[in-house]
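To start, the structure under review is shown below, and the notes come after it.
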Amino acid sequence: MGTIINYVKEYGDYTFSEKPLSEVDSLVLCQFAYLKFDGMVPDIGKNTEAVDLQYLLQHEDYDKLYAFKPYREKNTKLFTAIAQSKRFGNMKLKNYVNQIEPEKETQFSAITFQLSDDIFYVAYRGTDENIVGWKEDLNLAFSEPAPGQVMSVEYLNRAAGEFPENFYIGGHSKGGNLAVYASMNCKKDIQDRITTIFCHDGPGFRPEVKEKCGYADIESRIMRTIPHSSLVGMILYSEGSYRVVESKYMGLMQHDPYSWLIDGDDFQVVKRVHSSAMFRDKALNEWILSLSQEQMHIFIDTLYDVAMASESDNLVDFTVNWKRSIHGIMEAVKSVDAETKQIMGDMIKALFEMLSQHVKEELQIKGQMQKNKLDEGINYLEHILKK
(Lines give C-alpha, C1' and ligand atoms only; values in the text may rest on other atoms or scores of the structure.)
Protein backbone atom coordinates (compact mmCIF):
# COMPACT_ATOMS: atom_id res chain seq x y z
CA MET A 1 0.00 0.00 0.00
CA GLY A 2 1.23 3.46 -0.83
CA THR A 3 0.30 7.13 -0.59
CA ILE A 4 -0.52 9.80 -3.15
CA ILE A 5 3.23 10.24 -3.70
CA ASN A 6 3.60 6.57 -4.64
CA TYR A 7 0.54 6.87 -6.89
CA VAL A 8 2.04 9.74 -8.89
CA LYS A 9 5.31 7.89 -9.29
CA GLU A 10 3.61 4.64 -10.36
CA TYR A 11 0.93 6.02 -12.67
CA GLY A 12 2.60 9.23 -13.77
CA ASP A 13 3.31 7.87 -17.25
CA TYR A 14 -0.40 7.81 -18.12
CA THR A 15 -1.95 10.89 -19.70
CA PHE A 16 -5.47 11.90 -18.79
CA SER A 17 -6.66 10.77 -22.21
CA GLU A 18 -5.28 7.31 -21.44
CA LYS A 19 -6.52 7.22 -17.85
CA PRO A 20 -9.34 9.65 -16.92
CA LEU A 21 -9.06 11.88 -13.88
CA SER A 22 -9.93 9.98 -10.69
CA GLU A 23 -10.59 10.64 -7.01
CA VAL A 24 -6.93 9.94 -6.27
CA ASP A 25 -5.86 12.50 -8.88
CA SER A 26 -8.20 14.95 -7.23
CA LEU A 27 -6.63 14.41 -3.81
CA VAL A 28 -3.18 14.91 -5.36
CA LEU A 29 -4.26 18.29 -6.74
CA CYS A 30 -6.02 19.32 -3.52
CA GLN A 31 -2.88 18.60 -1.50
CA PHE A 32 -0.79 20.46 -4.08
CA ALA A 33 -3.09 23.45 -3.56
CA TYR A 34 -1.75 23.77 0.01
CA LEU A 35 1.61 25.01 -1.29
CA LYS A 36 2.29 28.73 -0.86
CA PHE A 37 2.21 30.06 -4.44
CA ASP A 38 2.21 33.71 -3.35
CA GLY A 39 4.11 35.91 -5.80
CA MET A 40 4.70 33.01 -8.20
CA VAL A 41 1.30 32.13 -9.69
CA PRO A 42 -0.71 34.98 -11.29
CA ASP A 43 -3.54 36.39 -9.20
CA ILE A 44 -7.10 36.12 -10.43
CA GLY A 45 -8.25 39.05 -12.52
CA LYS A 46 -4.82 39.78 -13.99
CA ASN A 47 -4.38 39.25 -17.71
CA THR A 48 -1.27 37.18 -17.20
CA GLU A 49 -0.39 33.88 -18.81
CA ALA A 50 -0.57 30.80 -16.64
CA VAL A 51 2.77 29.49 -15.37
CA ASP A 52 4.09 25.95 -15.67
CA LEU A 53 5.92 23.79 -13.16
CA GLN A 54 9.35 24.49 -14.61
CA TYR A 55 8.79 28.19 -13.99
CA LEU A 56 8.06 27.43 -10.34
CA LEU A 57 11.05 25.12 -9.99
CA GLN A 58 13.37 27.85 -11.29
CA HIS A 59 11.74 30.71 -9.39
CA GLU A 60 13.93 32.57 -6.92
CA ASP A 61 11.27 32.13 -4.25
CA TYR A 62 10.82 28.41 -4.92
CA ASP A 63 11.73 27.47 -1.36
CA LYS A 64 8.82 29.57 -0.03
CA LEU A 65 6.39 27.06 -1.53
CA TYR A 66 7.10 24.90 1.49
CA ALA A 67 6.62 27.54 4.17
CA PHE A 68 4.43 25.16 6.16
CA LYS A 69 7.30 23.22 7.72
CA PRO A 70 5.44 20.16 9.12
CA TYR A 71 4.64 19.06 5.55
CA ARG A 72 7.80 20.38 3.92
CA GLU A 73 9.41 17.00 3.20
CA LYS A 74 6.25 15.32 1.90
CA ASN A 75 5.17 18.33 -0.17
CA THR A 76 8.63 18.53 -1.73
CA LYS A 77 8.48 14.86 -2.69
CA LEU A 78 4.99 15.33 -4.12
CA PHE A 79 6.05 18.34 -6.21
CA THR A 80 9.08 16.43 -7.52
CA ALA A 81 6.95 13.44 -8.48
CA ILE A 82 4.36 15.67 -10.15
CA ALA A 83 6.96 17.63 -12.12
CA GLN A 84 8.66 14.46 -13.37
CA SER A 85 5.41 12.78 -14.46
CA LYS A 86 3.81 12.83 -17.88
CA ARG A 87 0.39 12.96 -16.22
CA PHE A 88 0.85 16.23 -14.33
CA GLY A 89 4.18 17.54 -15.60
CA ASN A 90 2.75 19.82 -18.29
CA MET A 91 -0.04 21.38 -16.25
CA LYS A 92 -0.30 25.13 -15.83
CA LEU A 93 -1.40 27.20 -12.87
CA LYS A 94 -3.24 30.50 -12.68
CA ASN A 95 -5.87 32.53 -10.80
CA TYR A 96 -4.22 32.05 -7.41
CA VAL A 97 -5.86 33.70 -4.42
CA ASN A 98 -4.63 33.63 -0.83
CA GLN A 99 -6.35 35.97 1.61
CA ILE A 100 -6.03 35.91 5.39
CA GLU A 101 -8.16 38.53 7.09
CA PRO A 102 -8.26 38.02 10.87
CA GLU A 103 -10.67 40.91 11.37
CA LYS A 104 -13.17 39.16 9.11
CA GLU A 105 -12.28 35.71 10.47
CA THR A 106 -11.45 34.66 6.93
CA GLN A 107 -8.79 32.48 5.41
CA PHE A 108 -9.44 31.83 1.73
CA SER A 109 -7.23 30.33 -0.94
CA ALA A 110 -7.95 28.85 -4.36
CA ILE A 111 -6.12 28.05 -7.57
CA THR A 112 -6.96 26.81 -11.07
CA PHE A 113 -5.00 23.94 -12.62
CA GLN A 114 -5.04 23.44 -16.38
CA LEU A 115 -4.08 19.80 -16.81
CA SER A 116 -4.27 19.78 -20.61
CA ASP A 117 -5.75 21.90 -23.40
CA ASP A 118 -9.29 21.05 -22.31
CA ILE A 119 -9.08 19.72 -18.73
CA PHE A 120 -9.39 22.25 -15.90
CA TYR A 121 -9.56 21.71 -12.14
CA VAL A 122 -10.57 24.43 -9.67
CA ALA A 123 -9.11 23.66 -6.24
CA TYR A 124 -9.96 25.25 -2.89
CA ARG A 125 -7.42 25.04 -0.09
CA GLY A 126 -8.49 23.65 3.25
CA THR A 127 -7.49 24.95 6.64
CA ASP A 128 -3.77 25.36 7.16
CA GLU A 129 -1.88 26.26 10.34
CA ASN A 130 -3.53 29.66 10.93
CA ILE A 131 -5.84 29.87 13.93
CA VAL A 132 -8.14 32.22 11.99
CA GLY A 133 -8.72 29.39 9.52
CA TRP A 134 -9.54 27.04 12.37
CA LYS A 135 -12.23 29.45 13.56
CA GLU A 136 -13.66 29.76 10.07
CA ASP A 137 -14.01 25.98 10.00
CA LEU A 138 -16.20 26.23 13.09
CA ASN A 139 -18.18 29.07 11.53
CA LEU A 140 -19.35 26.67 8.81
CA ALA A 141 -21.87 25.37 11.35
CA PHE A 142 -23.91 28.58 10.97
CA SER A 143 -26.91 28.98 8.69
CA GLU A 144 -25.63 32.22 7.19
CA PRO A 145 -22.67 31.82 4.82
CA ALA A 146 -19.17 32.24 6.21
CA PRO A 147 -17.04 34.88 4.43
CA GLY A 148 -14.96 32.15 2.79
CA GLN A 149 -18.08 30.55 1.33
CA VAL A 150 -19.14 33.86 -0.22
CA MET A 151 -15.64 34.30 -1.65
CA SER A 152 -15.69 30.76 -3.06
CA VAL A 153 -18.71 31.62 -5.21
CA GLU A 154 -17.14 34.86 -6.43
CA TYR A 155 -13.94 33.03 -7.27
CA LEU A 156 -15.68 30.27 -9.24
CA ASN A 157 -17.75 32.72 -11.29
CA ARG A 158 -14.61 34.64 -12.28
CA ALA A 159 -12.19 31.73 -12.73
CA ALA A 160 -14.52 29.44 -14.67
CA GLY A 161 -15.69 32.39 -16.71
CA GLU A 162 -12.25 32.53 -18.34
CA PHE A 163 -12.60 29.20 -20.15
CA PRO A 164 -15.53 27.55 -21.99
CA GLU A 165 -14.80 23.89 -21.23
CA ASN A 166 -16.41 21.61 -18.68
CA PHE A 167 -14.29 21.32 -15.55
CA TYR A 168 -13.67 19.59 -12.23
CA ILE A 169 -13.80 21.26 -8.84
CA GLY A 170 -12.78 20.10 -5.39
CA GLY A 171 -10.97 20.53 -2.12
CA HIS A 172 -9.79 18.84 1.05
CA SER A 173 -11.19 19.65 4.50
CA LYS A 174 -12.75 23.13 4.46
CA GLY A 175 -11.79 23.26 0.79
CA GLY A 176 -14.24 20.45 0.08
CA ASN A 177 -17.02 22.39 1.78
CA LEU A 178 -16.16 25.48 -0.28
CA ALA A 179 -16.14 23.47 -3.52
CA VAL A 180 -19.65 22.17 -2.83
CA TYR A 181 -20.94 25.56 -1.66
CA ALA A 182 -19.54 27.34 -4.72
CA SER A 183 -21.05 24.71 -7.02
CA MET A 184 -24.47 25.21 -5.42
CA ASN A 185 -24.43 28.97 -5.71
CA CYS A 186 -22.48 29.85 -8.86
CA LYS A 187 -24.04 31.09 -12.07
CA LYS A 188 -26.25 28.53 -13.80
CA ASP A 189 -24.20 28.39 -17.01
CA ILE A 190 -21.07 27.66 -14.96
CA GLN A 191 -22.85 25.11 -12.78
CA ASP A 192 -23.95 23.24 -15.89
CA ARG A 193 -20.29 22.84 -16.95
CA ILE A 194 -19.19 21.15 -13.73
CA THR A 195 -18.31 17.53 -14.43
CA THR A 196 -17.53 16.34 -10.89
CA ILE A 197 -17.31 17.94 -7.44
CA PHE A 198 -14.72 16.27 -5.19
CA CYS A 199 -15.09 16.68 -1.43
CA HIS A 200 -12.25 15.03 0.50
CA ASP A 201 -13.17 14.85 4.19
CA GLY A 202 -14.91 18.20 4.06
CA PRO A 203 -17.70 19.20 6.50
CA GLY A 204 -21.29 19.36 5.30
CA PHE A 205 -24.11 21.88 5.68
CA ARG A 206 -27.08 22.54 7.90
CA PRO A 207 -30.36 21.27 6.36
CA GLU A 208 -31.73 24.76 5.78
CA VAL A 209 -28.59 25.74 3.83
CA LYS A 210 -28.88 22.71 1.54
CA GLU A 211 -32.52 23.46 0.85
CA LYS A 212 -31.98 27.18 0.25
CA CYS A 213 -28.99 26.73 -2.05
CA GLY A 214 -30.35 23.90 -4.19
CA TYR A 215 -28.07 21.11 -3.03
CA ALA A 216 -30.25 18.58 -4.85
CA ASP A 217 -29.30 20.14 -8.20
CA ILE A 218 -25.65 19.10 -7.84
CA GLU A 219 -25.82 16.16 -5.43
CA SER A 220 -25.42 13.51 -8.13
CA ARG A 221 -22.10 15.07 -9.19
CA ILE A 222 -20.54 15.09 -5.72
CA MET A 223 -17.92 12.44 -4.95
CA ARG A 224 -17.15 12.34 -1.22
CA THR A 225 -14.24 10.49 0.33
CA ILE A 226 -13.62 10.27 4.05
CA PRO A 227 -11.07 8.38 6.17
CA HIS A 228 -11.98 5.39 8.36
CA SER A 229 -12.45 7.41 11.57
CA SER A 230 -13.57 10.66 9.99
CA LEU A 231 -14.54 13.55 12.24
CA VAL A 232 -14.22 16.66 10.04
CA GLY A 233 -15.90 15.10 7.00
CA MET A 234 -18.91 13.91 8.99
CA ILE A 235 -19.69 17.25 10.64
CA LEU A 236 -23.18 18.24 9.50
CA TYR A 237 -23.28 15.27 7.14
CA SER A 238 -25.71 12.43 7.77
CA GLU A 239 -27.00 11.36 4.38
CA GLY A 240 -25.85 10.65 0.84
CA SER A 241 -23.14 8.39 -0.47
CA TYR A 242 -19.43 8.46 0.27
CA ARG A 243 -16.40 6.19 0.06
CA VAL A 244 -14.47 5.33 3.20
CA VAL A 245 -10.69 5.24 2.78
CA GLU A 246 -8.27 3.34 5.00
CA SER A 247 -5.56 5.38 6.69
CA LYS A 248 -2.22 4.44 8.21
CA TYR A 249 -3.06 6.57 11.25
CA MET A 250 -5.75 6.53 13.92
CA GLY A 251 -7.94 9.34 15.21
CA LEU A 252 -7.66 12.93 14.01
CA MET A 253 -4.39 12.24 12.17
CA GLN A 254 -6.49 10.45 9.54
CA HIS A 255 -7.47 13.87 8.25
CA ASP A 256 -3.97 14.11 6.72
CA PRO A 257 -4.18 13.26 2.96
CA TYR A 258 -0.73 11.71 3.11
CA SER A 259 -2.11 9.09 5.49
CA TRP A 260 -4.73 7.82 3.01
CA LEU A 261 -3.73 4.44 1.59
CA ILE A 262 -3.68 3.73 -2.15
CA ASP A 263 -4.16 0.23 -3.53
CA GLY A 264 -2.99 0.19 -7.15
CA ASP A 265 -4.61 3.15 -8.87
CA ASP A 266 -7.42 3.64 -6.36
CA PHE A 267 -7.93 4.20 -2.66
CA GLN A 268 -7.94 1.24 -0.30
CA VAL A 269 -11.64 1.32 0.49
CA VAL A 270 -13.36 -0.14 3.56
CA LYS A 271 -17.07 -0.84 4.02
CA ARG A 272 -17.95 1.83 6.55
CA VAL A 273 -16.72 4.42 9.02
CA HIS A 274 -15.29 2.92 12.21
CA SER A 275 -18.11 2.07 14.64
CA SER A 276 -16.68 4.22 17.42
CA ALA A 277 -16.66 7.21 15.07
CA MET A 278 -20.24 6.64 13.95
CA PHE A 279 -21.87 7.30 17.32
CA ARG A 280 -19.48 10.17 18.04
CA ASP A 281 -20.33 11.89 14.75
CA LYS A 282 -24.06 11.35 15.25
CA ALA A 283 -23.97 12.84 18.74
CA LEU A 284 -21.83 15.78 17.62
CA ASN A 285 -24.20 16.62 14.76
CA GLU A 286 -27.25 16.40 17.02
CA TRP A 287 -25.54 18.78 19.41
CA ILE A 288 -24.61 21.29 16.71
CA LEU A 289 -28.13 21.29 15.27
CA SER A 290 -29.63 21.72 18.75
CA LEU A 291 -27.83 25.02 19.32
CA SER A 292 -29.26 28.37 18.35
CA GLN A 293 -27.29 30.77 16.19
CA GLU A 294 -26.61 32.93 19.25
CA GLN A 295 -25.32 29.95 21.23
CA MET A 296 -23.02 28.92 18.39
CA HIS A 297 -21.65 32.47 18.13
CA ILE A 298 -20.92 32.60 21.85
CA PHE A 299 -19.33 29.15 21.89
CA ILE A 300 -17.07 29.72 18.87
CA ASP A 301 -16.12 33.28 19.79
CA THR A 302 -15.16 32.21 23.29
CA LEU A 303 -13.07 29.28 22.08
CA TYR A 304 -11.31 31.56 19.61
CA ASP A 305 -10.59 34.23 22.20
CA VAL A 306 -9.19 31.61 24.54
CA ALA A 307 -6.95 30.19 21.79
CA MET A 308 -5.74 33.66 20.80
CA ALA A 309 -4.88 34.32 24.44
CA SER A 310 -2.06 31.84 23.99
CA GLU A 311 -0.30 34.56 21.94
CA SER A 312 0.09 32.19 18.99
CA ASP A 313 -1.35 33.04 15.59
CA ASN A 314 -1.02 29.54 14.19
CA LEU A 315 -1.61 26.02 15.44
CA VAL A 316 2.02 24.98 15.00
CA ASP A 317 3.31 27.62 17.42
CA PHE A 318 0.37 26.87 19.69
CA THR A 319 1.53 23.24 19.92
CA VAL A 320 5.28 23.87 20.07
CA ASN A 321 4.91 26.48 22.81
CA TRP A 322 2.30 24.48 24.69
CA LYS A 323 3.39 25.62 28.15
CA ARG A 324 2.96 29.27 27.21
CA SER A 325 -0.28 28.44 25.40
CA ILE A 326 -1.79 26.67 28.39
CA HIS A 327 -0.83 29.58 30.67
CA GLY A 328 -2.55 32.06 28.33
CA ILE A 329 -5.63 29.89 28.08
CA MET A 330 -5.99 29.56 31.84
CA GLU A 331 -5.75 33.34 32.22
CA ALA A 332 -8.37 33.83 29.49
CA VAL A 333 -10.79 31.41 31.12
CA LYS A 334 -10.60 33.42 34.34
CA SER A 335 -11.64 36.56 32.49
CA VAL A 336 -14.74 35.06 30.87
CA ASP A 337 -17.83 36.64 32.37
CA ALA A 338 -20.15 34.51 34.47
CA GLU A 339 -22.99 34.48 31.92
CA THR A 340 -20.74 33.32 29.06
CA LYS A 341 -19.12 30.73 31.29
CA GLN A 342 -22.54 29.37 32.20
CA ILE A 343 -23.65 29.21 28.56
CA MET A 344 -20.41 27.47 27.60
CA GLY A 345 -20.88 25.03 30.45
CA ASP A 346 -24.47 24.22 29.51
CA MET A 347 -23.55 23.57 25.88
CA ILE A 348 -20.53 21.41 26.65
CA LYS A 349 -22.55 19.50 29.24
CA ALA A 350 -25.24 18.86 26.59
CA LEU A 351 -22.58 17.48 24.26
CA PHE A 352 -21.23 15.17 26.97
CA GLU A 353 -24.76 13.94 27.72
CA MET A 354 -25.48 13.22 24.04
CA LEU A 355 -22.21 11.34 23.70
CA SER A 356 -22.97 9.39 26.86
CA GLN A 357 -26.42 8.44 25.60
CA HIS A 358 -25.08 7.22 22.26
CA VAL A 359 -22.37 5.22 23.97
CA LYS A 360 -24.98 3.55 26.15
CA GLU A 361 -27.28 2.80 23.22
CA GLU A 362 -24.76 1.65 20.63
CA LEU A 363 -21.94 0.08 22.58
CA GLN A 364 -24.09 -1.41 25.34
CA ILE A 365 -21.97 -3.22 27.97
CA LYS A 366 -18.62 -2.07 26.61
CA GLY A 367 -20.00 1.42 26.40
CA GLN A 368 -20.83 1.52 30.11
CA MET A 369 -17.15 2.00 30.91
CA GLN A 370 -16.99 4.86 28.42
CA LYS A 371 -20.21 6.30 29.81
CA ASN A 372 -18.73 6.35 33.30
CA LYS A 373 -15.77 8.33 31.97
CA LEU A 374 -18.10 10.80 30.27
CA ASP A 375 -20.12 11.18 33.46
CA GLU A 376 -16.88 11.93 35.28
CA GLY A 377 -16.16 14.56 32.63
CA ILE A 378 -19.52 16.21 33.24
CA ASN A 379 -18.94 16.35 36.99
CA TYR A 380 -15.45 17.79 36.52
CA LEU A 381 -16.79 20.40 34.09
CA GLU A 382 -19.42 21.52 36.60
CA HIS A 383 -16.70 21.77 39.26
CA ILE A 384 -14.51 23.98 37.02
CA LEU A 385 -17.40 26.25 36.05
CA LYS A 386 -18.25 26.95 39.68
CA LYS A 387 -14.79 28.38 40.33
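The values are calculated or read from the model by the stated rules, or taken from the named source; none is laboratory data. No experiment lies behind these values; they were computed from the predicted model shown. Cβ sites come from the backbone with ideal geometry, for glycine too, and all protein chains shown count toward neighbours. Note: areas computed on protein heavy atoms with side chains; ligands, DNA, RNA excluded. Shrake-Rupley method; radii C 1.70, N 1.55, O 1.52, S 1.80 Å.
Filtering the stretch 164-188 down to residues that are of a type in the set (S, T, N, Q) and at pLDDT below 95, which residue is surrounded by the most Cβ atoms within 10 Å (Cβ to Cβ)?
Restricting to residues being of a type in the set (S, T, N, Q) and at pLDDT below 95, the top hit is Asn177.
Show the residue pairs meeting these rules: Cβ distance below 7 Å; 6+ apart or different chains; first residue within the stretch 14-39 and among the β-branched types (Val, Ile, Thr); second residue open to solvent by 30 Å² or more (accessible area, probe 1.4 Å) and assigned to a loop (DSSP other than H, G, I, E, B).
What qualifies is Thr15/Lys86; Val24/Asp265.
How many residues, within the stretch 250-272, are open to solvent by 70 Å² or more (accessible area, probe 1.4 Å), free of Cβ contacts under 8 Å to residues at least 40 places away in the same chain and of a type outside the set (Lys, Arg)?
Step one: list which residues in the stretch 250-272 are open to solvent by 70 Å² or more (accessible area, probe 1.4 Å), which gives 250, 252-253, 263, 271-272.
In the following step, the residues that additionally are free of Cβ contacts under 8 Å to residues at least 40 places away in the same chain were identified as 250, 252-253, 271-272.
Going one step further and asking which of them are of a type outside the set (Lys, Arg), we end up with 250, 252-253.
Summing the residues that are open to solvent by 70 Å² or more (accessible area, probe 1.4 Å), free of Cβ contacts under 8 Å to residues at least 40 places away in the same chain and of a type outside the set (Lys, Arg) in the stretch 250-272 gives 3.
Evaluate the stretch 35-43: report whether one residue or more is within 21 Å of Asp118 (Cβ to Cβ) and not charged (D, E, K, R). Please lay out each step first, then the result.
Here is the first cut: in the stretch 35-43, the residues within 21 Å of Asp118 (Cβ to Cβ) are 41-42.
Imposing the further condition that a residue be not charged (D, E, K, R) reduces the set to 41-42.
Taking every residue of the stretch 35-43 in turn, at least one turns out to be within 21 Å of Asp118 (Cβ to Cβ) and not charged (D, E, K, R).
For a quick check of your reading: which helices (runs of 4 or more DSSP H) sit entirely within the stretch 1-116 and have at least 3 residues that are open to solvent by 50 Å² or more (accessible area, probe 1.4 Å)?
Answer list for the stretch 1-116: 4-11, 53-58, 72-84.
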